[in-house]
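Reviewing the structure listed below.
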Amino acid sequence: MAVGEGRFVLYSRIEPPLEAGEYRFTASQSLTATGHTAAQLPVADLPTYVTVRSPRYAMPPDQVLSTYPPAGSEGSYGSRLPQVVIRRRTLPWERSVQAGVPRSTPWLALVLIAEGEAELKLNQPVAECVTPGRTLPGKADTELGSYLQIRRSVVHRVFPTRLDVPLLAHAREVDIHDTELMMGDDDGFLAVVIANRLPLSGRDEHGAETPVKYLACLVNLEGQFTELLERSPARAPVTRFPAASVTVKANLVEWDHARMGHTGTSSVAPPASFGTAPYAPGSTWVATGEQRGVSDVYTEMARDFSHAAVAGFVAGETVSLDPTLRFPVLLHWSFTSYGKVTFRSLMEDLDSGLLGTTNPAQRVEVVETGHLGLDHRTRRGDQVRSWYRGPCVAHPTTAERLPLAHAADQLRIIVPDGREDISLAAAFEIGRLLALSRPSMVAALLRWRQTGYQTARRRAVWDELAPFLTEVVGDYVLDPRLGVHLGRGLAKAVTTRPEELLGDPRPLATPGRPLALDGTPEQVLAQGFSLPAGVFQGSPSQVLSRLRGSEVILAREPGLKLEALAHTLNQVVDRLVADVRRPVDEPRLPGGTRPPDEPRLPEAPHRPEGPRITGRPRFPEGPRPSDPPRLPDGGDRG
Amino acid sequence: MRVNAETVLRDLPLALAEQPPVVVVNTDDEDGAIPAGLREWLVRLRLLEGVPFAYLVADTELLPPESIRWFYVDRRWTDALVQGALAVGTVNTDDRTQLTAQYPAVRDELDREERNLRRRKGSDRYQGDAGPVSGFILRSRAVSGWPAVHVRAFSVDPVEADDARVPEDGPGRMRLLRLERLAPAVLLCLFDGVPTVVHLEEPRQGVQFGFDTGDESGGMGAQLRPRNATTFEYLTGDPIPVPFRTGSTGVVDIQHLERLLASRVGSGAADGLDSSEYALQLVRFPFRQVFGEPEDTPVRLVFQPTISYQTMVTEVFRTGGV
């Protein structure tokens, strides 16, 4: 639902689906099939353990969007209720405050404690953060927490009643585009907890205002909800102002006697020495007076009454010596309520004027143009006075813009009185220094300049080509992207007809050398072994007898081998040369001569073109082995 | 520049494949006359971001405590600031020639873009030439104690009333170019133009809750004007006196307040008060301070230089002059 800017929607509560705690979900399934009972088809249950976490003893700092009054501030807050705004909308309802209490009751309350009414203990183990004798079931979110140590009577005086607590927390939905109301929230839903007490400033005995320091505590009421009053006590149309803070230090023995009711005079009066007298009349510090039974005394002694120093705040009140309670404090801040200072009074008392308006008593040189005379130490060390005017001027300035300057000194102005006006020069220099202080900006500037140069070079080339291109294409306007199109067109033409532009592409597979198989198998076989042609002819016995008589060529006999090899190779070369149709006048290398630069086959009498260059197009003369390998795009091809 | 024909033929398609820079920028992240990252920084610089405070207000006497000082922004000063930043890395004449050639385009682009810095995401881009920029510096406890003060500027006095609500892009509403706390108690604000009326409003830091209070005999009394729970309008009739708990100071007796409210038709309490209705009754409106004199104000009332121009001409120029 769109809320609309500047509007908000209030909800009494937004309860989470699950309260904080540990849960076990069990998924079970039952199968049925014809001919089988469900017991025959068991499916194991799947337990899933889920922990729903929620703050309990400490509020994560990111959950607090704002507190009012501002923490640590001083002002006239007496007519505003303190409040805290929490980011998570469900937070006040995420825990059950006590068994038997409706879920709509928040477990949080914002209580306002005047200085001295209670004691805030910080960084205590969480087990000690609740009233001794009570424990909060379930896990704690932190190891250490804070608690408020407060007497039950004070709880009854300042804490909200059980019926009040649900009224003091609500949820608010604001428009997510409204940054003013959003305060940095992400979903537009906020939870708000309001206090039930106005932070009044104090009055001394003459009725003059005195500052009062207040502590606002977001307390956890879990398990101690019944400590709150069930319903409101007597009411009054006006409320008294708090009197000045008093501290009573009682004699422990006297205190005990008063407590146990063994003394005749059973009242503890504040010593006469303390500074401020109670404001309200009839202030006595009364304890119960009648004689008590032994069991009462024992019960009383078992309680926590060891705090002999009682800090009382409202001096007109009876301080009864009752047990202290502890409430975990999730969030606390303090502020001082004093004075008449409100936003309104501050705003209405503002001294409004144009920049340059000064107190005439102060000897500040301000001229009508807004220039200010300042001490100036020049580069040479001279102490002079110069004029300076910042960017904020009391008059509208000229709309004429400043021509580009390349150095600060270009902007120094000498005015007729001989002083310098360094306003613009100072601006130039601080701009330069600010840019230099950020290496990323320096890099960006240099990169930008580099790009500029490239663009300029491109433009220069283009300009130079422009007359020629105009001649070619006439009066048509050339698209600057002509180059791209040209390049792409060229690439396309080249790829479609490469033989015209680049040369024959190499075939995908190079054909091998044709095998010369002329003659009968016997002849071929004999030729392969360099035997006379008729060796394998005739009956096997003839063949064997001929083979016995024929000489075996052994590689170990160089002369013979070389001669046979040379003969064979010569034949091959002859055939190869004959294959080439082109008439070449180059004389064939005579048999037996060796190329001087053939390092690998010193015995080879001829250049071994055939077998060595099978993978390459055949050239009539072939590349010399010492030549660098040539690419097939050589221009000397026929 | 010497051009080798062979190089040109080889490089031309590649070089021209890069698009020439687009002049008018249409998105925030597009490079224009100047790369987007650099442009954003320069725009922020032009809005005096990062400029030491002593350069803005050269003497503390110009900004006494609890004062608000209005000003016009000197475009020449901010121009010099940007020129200084651009001058970084200009080493030789070529660099400076190039900068000179590009500077007008850069300046125009910065003029356009300085409006778009605070533009809300998704809204249309602002165009147009640079206009005058004005602003104020506020030094007050209100800045530190009430963070996030709302500032609204109007080119015409809102006709309805001072509490009219004009949308941010509505007619008559003037854009803020910058609103920033320079120090805990110093607020700087720049307007895109020269406003007629400026509203400073108490932050709605969580709408505040409270009562109308007043001293009475024996202590303090408070009153509450009940509101209609659905329309938020005040109900007719007398305000309700707020009951307090006896025995303590300032603690409101909410239960009895609920009973008192229940007797008022429309307050929503008849069927039992819930927390949202209670909060609704307690909402206090933030205070709004309006600056802007409907009459013409002579300059001498708002700006009194210690040295008048006449004195300057007759004495300073002559005695110190050459």
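Every number in this text was worked out from the coordinates using simple rules, so none of it is lab data. Fair warning: this is a prediction, and the values are worked out from it, not measured in the lab. Don't worry about glycine lacking a Cβ; one is built from the backbone with ideal geometry, like all the others, and counts go over all protein chains shown.
Rg(Cα) of the range A:103-244 divided by 2.2 N^0.38 Å?
1.23
Report the local net charge at A:Ser386: Lys and Arg +1, Asp and Glu -1, summed over other residues whose C-beta lies under 15 Å from its C-beta.
Around A:Ser386, the surrounding residues sum to -2.
Ordered by residue, what ³J(HN,Hα) values in Hz, to whole numbers, does the range A:508-523 give under the Karplus form 6.51 cos²θ - 1.76 cosθ + 1.60, where θ = phi - 60° and Gly and Pro are x?
So the J values, rounded to whole Hz, are 5, 10, 8, x, x, 6, x, 7, 8, 10, 9, x, 6, x, 4, 5.
Residue-wise, which Karplus ³J(HN,Hα) couplings in Hz belong to the range B:230-242, taking 6.51 cos²θ - 1.76 cosθ + 1.60, θ = phi - 60°, and x for glycine or proline?
After applying 6.51 cos²θ - 1.76 cosθ + 1.60, I find 9, 9, 6, 7, 5, 7, 6, x, 6, x, 8, x, 7 Hz.
Could you tell me whether the range A:372-436 comes out rounded, prolate or oblate from its Cα gyration tensor? Rule is a ≥ b ≥ c as square roots of the eigenvalues, rounded for a/c under 1.5, then prolate if a/b exceeds b/c, otherwise oblate.
Oblate is the answer for the range A:372-436, as a/c is 1.5 or above yet b/c matches or exceeds a/b.
Using Cβ counts within 10 Å as a stand-in for footprinting exposure, how do B:Ile240, A:Ile194, A:Ile413, A:Ile14 rank, fewest first?
A:Ile413, A:Ile14, B:Ile240, A:Ile194
Report ³J(HN,Hα) in whole Hz for each residue of the range A:339-348, in order, from the Karplus equation J = 6.51 cos²θ - 1.76 cosθ + 1.60 where θ = phi - 60°; Gly and Pro get x.
So the Karplus estimates, Gly and Pro as x, are x, 9, 6, 10, 4, 5, 5, 5, 5, 6 Hz.
Based only on other Cβ atoms within 10 Å, what is the fewest-to-most ordering of A:Tyr77, B:Tyr55?
Lowest count first: B:Tyr55, A:Tyr77.
Kindly provide the pair-distance distribution of the range A:45-132 built from C-alpha pairs, with 10 Å bins from 0 and whole-percent values in order of increasing distance.
11, 34, 38, 12, 3, 1, 0
By count of other Cβ within 10 Å, fewest leading, how are A:Leu465, A:Leu501 ordered?
Least to most surrounded, the residues fall as A:Leu501, A:Leu465.
Determine the principal axes of the Cα atoms in the range A:447-501, then give the extent along each, sorted from largest to smallest and rounded to whole angstroms.
44, 32, 15
Show me the GluC sites (Glu not before Pro) within the range A:383-437 that DSSP assigns to loop and that have at most 16 other Cβ atoms within 10 Å of their Cβ.
Answer by residue number: A:Glu400.
How are the C-alpha pair distances of the range B:209-284 spread across 5 Å bins, as whole percents from the shortest bin up?
Going from the shortest bin to the longest, the percentages are 3, 16, 28, 26, 15, 8, 3, 0.
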